[in-house]
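Report on one structure; see the data block that follows.
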Amino acid sequence: MAGKNIIKEAVPMRKLPMNERRTTFKEVALGYNLEEALKEASRCLQCTDPPCVKACPLHIDVPGFIKLLREKKFEEALNKIKEVNDFPAITGRVCPQELLCQAACVMGKIGEPINIGRLERFLGDLEISRGIRIPSLPKSREKKVAIIGSGPAGLMAAARLRKIGYDVAIFEALHKPGGVMVYGIPEFRLPRRVLEAYIDYVKKLGVEIKVDHVVGRTVTIGELLKNYDAILIATGAGTPKFLKVPGESLNGIYSANEFLIRINLMKAYKFPDYDTPIKVGRKVVVIGGGNTAMDVARIALRLGADVTVVYRRTEREMPARREEVENAKEEGVKFMLLTQPIEFLGDERGWVRRVKCIKMRLGEPDESGRRRPIPIPGSEFEIEADTVVIAIGAEVNPLIQMTTPGLKTDRKGRIIVDSEGRTSLRRVYAAGDVTTGEGTVIEALMEALKAVQTIDKDLSEKP
């Protein structure tokens, strides 16, 4: 492509007006229209050895689908993505492209990288608006697979296994399928209509989804093995981490999991129209620097609170997506950086009223690769708070591991798998956060694809 034809500036994405963003749960990022998508697609250099493909955990043929998009071959472009990704309207919204494919984009060396995620979202939304086509399925292999968990790994594995010809049932502990995508990600980032469209697609493929089934309580892995040829554990990492400091049990202190489940899944912000209440005070402190902390902070803001995010490193080290940090700032969330809570102080009735903190400085990098926060002696101070949400990450729920003899785990309770997703038990596999710890949606999809290939290989072998 001639240099004079190269468009260095990316096409910006329109957002919901600010006066609506702070008072509604409508989606903030509005997506590209056709004209915008075609203009952004025209910027792609069509590299012969594209680094963006290597940087994508799913290795989506990025130049391939972008070329088809700019030729207005929309169905072919979608099919190119769906060779490895059944849920482009989800990953186009929540995948950290700026750290993956877009970080590797050659255009980024001479201008702004191609907005690959936004183009993926455009095609995914187009497919949903037209109705997701259900492919013809092969003859049944007359073998059954049970999947534990209906988050991104579970849904991806279910769709892929059905399209190969297996009978599939998903067992979900909550009363709605979707896992972290339904209870953890708010509507203004991932609209429920998008998630529901894909869940409906999975059901129409012939997957049975059994909600309110807590495997390890309602039924055990051992019992499922009597009725299924293989089991895939994809339960994610949904157990909250805590600071383990004095006063953490005071009223008004939530884990991010509880806060988000009450809001996103139980619709607590619509109480009393919905049964589950939630108390959100005037001064809300959110502890953490990841996407979950940004989600919590932006929700609390929409519920009328004055919100401060407290994080022990600087903004540069925040694991949250830049876009989500900027959205939070635009909407009015305050940030108190290089600060670590060390105690929660309450009133005589047991409700949190203040957070005692200490200032931090950054030392040498730790195992995460980020500079280690070190307390500064004598720098303690207090801030007002009548609601605190702790959003410092999540761990694996140990229930299945505790009720499944012979299932090997590491010291953090994560299920140990080999390089192809097999656990220590025959015919039992695992994928996603339950094996790796808390990760991204795109990483969960990658792990699910690997496990599907292994399950198919093992079940296809002659006994």
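Here each label is just a point 7 Å from Cα along the line to Cβ, and for E142 and D200 those points are 3.5 nm apart.
With each label modelled as a point 7 angstrom along the Cα→C-beta vector, the D347-R371 pair spans 4.0 nm. Report the paramagnetic label zone for A103: residues of the range 303-319 whose backbone N is under 17 Å from a point 7 Å from Cα along the Cα-to-Cβ axis. Of the residues in the range 303-319, 315-319 have backbone N under 17 Å from the label point off A103. For the pairs K54/K144; K143/K412; K244/K279, flag any whose C-alpha to C-alpha distance is greater than 25 Å. From K54/K144; K143/K412; K244/K279, over 25 Å: K54/K144; K143/K412. For K408 and R133, the FRET efficiency from 1/(1 + (r/R0)^6), where r spans their Cβ atoms and R0 equals 35 Å, is about 0.25.
With Rh defined as the Kirkwood radius, the inverse of the mean 1/r over Cα pairs, the Rg/Rh of the range 240-394 is 0.97.
The residue list Y429, I110, A237 was ranked by how far each Cα lies along the charge dipole of the chain toward its positive end, using unit charges on Cβ atoms, and I110 comes out on top. Each residue of the range 248-261 was assigned a 3J(HN,Hα) from its phi angle through the Karplus expression (A = 6.51, B = -1.76, C = 1.60, θ = phi - 60°), giving 5, 8, 4, 4, x, 10, 10, 7, 4, 4, 5, 4, 6, 5 Hz with x at Gly and Pro. Note on the chain: dipole from Cβ charges, positive end direction compared against F87, P17, T220; the farthest Cα belongs to F87. In straight-distance terms, cross-link reach from K408 covers every one of the aspartates and glutamates whose alpha-carbon lies under 14 Å from its own, apart from those fewer than eight places away in the same chain; here that gives D418.
Rounded to the nearest 20, the size of the Cβ-charge dipole of the chain about its Cα centre is 340 debye, with Lys and Arg at +1 and Asp and Glu at -1.
In order along the range 219-233, phi translates into HN-Hα couplings of 8, 9, 4, x, 5, 5, 5, 6, 10, 10, 6, 8, 10, 10, 8 Hz, rounded to whole numbers, per the Karplus curve 6.51 cos²θ - 1.76 cosθ + 1.60 with θ = phi - 60° and x for Gly and Pro. For G179, neighbours were defined as the other residues whose beta-carbon sits under 11 Å from its Cβ, and their charges (Lys and Arg +1, Asp and Glu -1) total -1. Tell me, rounded to the nearest percent, the portion of alpha carbon pairs in the range 376-446 spaced more than 16 Å apart. Cα-Cα pairs in the range 376-446 separated by more than 16 Å: 60 percent.
Each stretch of four or more DSSP H residues adds -39500 (n - 2.57); spread over every residue of the chain, this sum gives -9000 deg cm²/dmol at 222 nm. An ellipsoid equivalent to the chain, defined through the eigenvalues of its Cα gyration tensor, has semi-axes of 35, 31, 21 Å when rounded to whole angstrom and sorted largest first. Note on E461 and S424: the model spin-label points, each 7 Å out from Cα along the C-beta direction, lie 2.0 nm apart. Within a straight-line Cα-Cα reach of under 18 Å, K72 can be paired with the following lysines, leaving aside sequence neighbours fewer than 8 residues apart in one chain: K39, K80, K82. Length gained on full extension, K356 to N19: 118.0 nm, using 0.36 nm per residue less the C-alpha separation. Remark: the range 221-359 carries a charge dipole of roughly 500 debye about the Cα centre, counting +1 on each Lys and Arg Cβ and -1 on each Asp and Glu Cβ.
Counting 0.36 nm for each residue step from L30 to I6 and taking away their Cα separation leaves a gain of 6.1 nm.
Evaluating kT/(6 pi eta Rh) at 10 °C and 1.306 mPa s, with the Kirkwood radius of the range 3-130 over Cα pairs in the Stokes-Einstein relation, gives 107 µm² s⁻¹.
Every number in this text was worked out from the coordinates using simple rules, so none of it is lab data. Everything quoted here is computed from the prediction, not taken from an experiment. With ideal geometry, Cβ positions are generated from the backbone for all residues, glycine too; neighbour counts draw on all protein chains shown.
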